[in-house]
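Engineer: My questions all concern the structure below.
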Amino acid sequence: MGSTVLSLRIDGELLDRLRGHAAKRGMSVQDYVVRTLIRDDFDERFQTAVDETEKFYGVTGPT
């Protein structure tokens, strides 16, 4: 598995907030952001997609 660079331009105030959150967890800002995206954003989007698919097909529970 390779790696790719993602460059972001963010507000200084937001960066300070991210630094604070990362420091509380003993992490770098980069690691904190990636971990947050993986945990929160992906899981939330995936669950929303599953819910919408189930609504579309009328599924009410596991079969």
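The values are calculated or read from the model by the stated rules, or taken from the named source; none is laboratory data. Remember, predicted model here, so these are calculated numbers, not experimental data. Note that we place each Cβ from the backbone using ideal geometry, even for glycine, and neighbour counts take in every protein chain shown. These accessible areas exclude ligands, DNA and RNA; they are computed on the full protein's heavy atoms, side chains included. Shrake-Rupley method; radii C 1.70, N 1.55, O 1.52, S 1.80 Å.
Engineer: Just to confirm a number: summing +1 for Lys and Arg and -1 for Asp and Glu over residues other than GLY26 whose beta-carbon lies under 13 angstrom from that of GLY26, what do you get?
Structural biologist: +3
Engineer: Need one number: nm distance between label points at SER28 and PHE46, each 7 Å from Cα along Cα→Cβ, rounded to one decimal.
Structural biologist: 2.5 nm
Engineer: Counting only protein heavy atoms, what percent of the accessible surface of the chain is carbon or sulfur at a 1.4 Å probe?
Structural biologist: 55 percent
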